[in-house]
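Enquirer: Here it is, the structure, as C-alpha cells.
We did not get these values from a lab; they are worked out from the coordinates using the rules stated. Keep in mind it's a predicted model, so treat the numbers as computed, not measured. Positions of Cβ are generated from backbone atoms using ideal geometry, with glycine treated the same way; all protein chains shown enter the neighbour counts.
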Amino acid sequence: VPPYILAAKEPLKYQGINSIGLKRRGYDQKTRKDIKEIYKIVFGTKMNINQAIIEIKNKFNDSNHRNMILNFIENSKRGII
C-alpha cells in the first residue's frame with residue numbers, strides 16, 4: 001500500500017489519505033493538501049500510471065513526500081494497491 005493512504009474493502013481499494021495520522025506527525029496543511037492532490041491524480045483521473053507520474057512531476061515541486069510517493073509507484077512490481 002502506498003505511503004500516506006488509507007486502503008480498505010474487498011478487494012482492497014484506495015479510500016483517501018491518512019490525514020489524521022499525517023496531522024499527528026506534524027505535516028502542515030499544505031503538505032497534506034499536496035499529498036491528497038497527488039493521489040487524486042493517481043486514483044481519481046483516467047490517466048495511466050506513466051501519465052500520472054509525468055503529471056505529478058510537472059505539477060508538484062521536488063519534496064520528500066512527492067518523491068516517496070513517486071518512488072513507491074515507480075518501483076512497484078505488482079501494482080500500487
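Enquirer: At most 12 other Cβ atoms within 10 Å and a DSSP loop assignment: could you name the trypsin sites (Lys or Arg not before Pro) in region 1-67 that fit?
Expert: Lys9, Arg25, Lys46
Enquirer: So what is the diffusion coefficient of region 36-75 in µm² per second by Stokes-Einstein at 25 °C and 0.890 mPa s, using a Kirkwood Rh over Cα pairs?
Expert: Approximately 245 µm²/s, per Stokes-Einstein.
Enquirer: Compute the length gained on full extension between Arg25 and Val1: take 0.36 nm times their separation in residues and subtract their Cα-Cα distance, giving the result in nm to one decimal.
Expert: Full-extension gain reported as 6.8 nm.
Enquirer: Which of the residue pairs Lys36/Lys77; Lys13/Lys33; Lys9/Lys36; Lys9/Lys40; Lys23/Lys77; Lys9/Lys30 have a Cα-Cα distance greater than 25 Å in the structure shown?
Expert: Where the Cα-Cα span goes over 25 Å, the pairs concerned are Lys23/Lys77; Lys9/Lys30.
Enquirer: While we're here: Rounding to the nearest 20 debye, state how big the charge dipole of the chain is about its Cα centre with +1 on each Lys and Arg Cβ and -1 on each Asp and Glu Cβ.
Expert: It comes to approximately 220 debye.
Enquirer: Let me ask another. Is it possible to state the helix-based mean residue ellipticity at 222 nm for the chain, with each DSSP H run of 4+ residues giving -39500 (n - 2.57), the sum divided by total residues, to the nearest 500 deg cm²/dmol? What is it?
Expert: Helices in the chain give a 222 nm mean residue ellipticity of -16500 deg cm²/dmol.
Enquirer: Please list the non-local residues whose amide H lies under 5 Å from the amide H of Ala7, H modeled 1.01 Å from N, same-chain partners needing a gap of 5 or more.
Expert: Residues meeting the criterion, in which the H sits 1.01 Å from N, are Gln15.
Enquirer: Which value, in Å to one decimal place, does the Kirkwood hydrodynamic radius take for region 5-75 when every pair of different Cα atoms is included?
Expert: 12.8 Å
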